[in-house]
Amino acid sequence: MIWNARNGKVKIGNAHMDYVTFGKGNKNLVMLPGLGDGLTTVKGMAFPLAITYNIYATDYKVYIFSRKNELEKGFSTREMAKDQAAAMAVLGISRADVIGISQGGMIAQYLAIDHPDCVHKLVLALTSSRPNETIRSTVTAWIQMASQGDYRNLMIDTTEKSYSQKAIRKYRILYPILGRIGKPRNFDRFLIQARSCLNHNAYADLSKISCPVLIIGGRDDKIVGMKSSYELAEQIKNCTLYIYENFGHAAYEEAEDFNKRILQFLKDR
């Protein structure tokens, strides 16, 4: 079995949360993905995710969590962080290094603010502490597309705003089939999570984060904007900021050194 990879589900109250776990290390690493989780959870993805993130598998037992399956309307990123802390407690994860990407970074902010004992080191990548004009414009458009069931244009717009021009040129050949692959049964989870991004505002509480933090941004980020990374760095005392000059929101996929950079930060204890 690849890196002891397995799929799991944890119960939180009357709800359930899908997760995958892999790795052979004796330290815990929790990863929180972005808004795409609203379209498809990590259910059944243990092997491909273990291969994608195998760089962490030697030092860590890695957990990648989705949001709970039964999200209530109006559910906030702060409530999602509370769920995350509860899931970790059920699984016996008393403390972990935490990587939050995009919306996952919003949730990770509140995890470190409200549940500091859960977080040893924190990585906030391609994320924001509060809405700005870029976020409002982008996410509002996605909400409109999702509300109309327009999955094809939602995927095209996400791709166009996430990737570098070099990558987009390759992905454009797939646009004709995007509306037929991976479409969810409904968009309820996505809409709840998208609206939580528009209402996320942890800016005033960022100074409460006491653990070491690595902040990663992309100069060409068309989803949360580059300034979001600087705002995080201005408010968080014990942090290191790194900006990818040639990438945008998908730097976590496109930058070859992205996970190497994170692992080095986590190892510098």
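Brief remarks follow.
- Pair list, Cβ under 9 Å, 6 or more apart: segment 19-42 residue at positive phi, other residue among the aliphatic types (A, V, I, L, M) and at pLDDT 95 or above: 23/5; 23/29; 23/50; 23/57; 23/62
- Residue pairs meeting the criteria (Cβ under 6 Å; at least 6 apart or on separate chains; first over 22 Å from residue 140 (Cα atoms) and touching a residue at least 60 places away in the same chain (Cβ under 8 Å), in segment 152-172; second assigned to a helix (DSSP H, G or I) and among the small types (Gly, Ala, Ser)): none
- Where helices (runs of 4 or more DSSP H) fall entirely within segment 70-168, those with at least 1 residues that are closer than 24 Å to residue 27 by Cβ and aromatic (Phe, Trp, Tyr) are at 103-114.
- Any hit, segment 120-129, residues being closer than 27 Å to residue 237 by Cα, crowded, with 16+ Cβ neighbours inside 10 Å and over 16 Å from the mean Cα position of the chain (by Cα): yes
- Within segment 108-119, residues that are closer than 19 Å to residue 200 by Cα sit with their Cβ atoms under 7 Å from residues that are β-branched (Val, Ile, Thr) and assigned to a helix (DSSP H, G or I), at 6+ positions apart or across chains, in these pairs: 110/77.
- Test result for residue 184, over 14 Å from residue 105 (Cα atoms), touching a Phe, Trp or Tyr at 6+ places or on another chain (Cβ under 8 Å) and modelled with pLDDT under 95: yes
- Here residue 147 does not qualify as surrounded by 21 or more Cβ atoms within 10 Å (Cβ to Cβ) and either among the hydroxyl-bearing types (Ser, Thr, Tyr) or at pLDDT below 95 (or both).
- Selection count where residues are over 23 Å from residue 262 (Cα atoms) and either of a type in the set (Asp, Glu) or surrounded by fewer than 22 Cβ atoms within 10 Å (Cβ to Cβ) (or both), scope segment 42-85: 14
- Candidate set from segment 86-104 (those that are more than 15 Å from the chain's Cα centre (by Cα) and hydrophobic (A, V, I, L, M, F, W, C)); member that is surrounded by the fewest Cβ atoms within 10 Å (Cβ to Cβ): 90
- Selection within segment 205-240: residues that are among the acidic types (Asp, Glu) and not in a loop (DSSP other than H, G, I, E, B). The member of this set that is surrounded by the fewest Cβ atoms within 10 Å (Cβ to Cβ) is 234.
The values are calculated or read from the model by the stated rules, or taken from the named source; none is laboratory data. This one's a predicted model, so the numbers in the text were calculated from it and none came from an experiment. We place every Cβ from the backbone using ideal geometry, glycine too, and count neighbours over all the protein chains shown.
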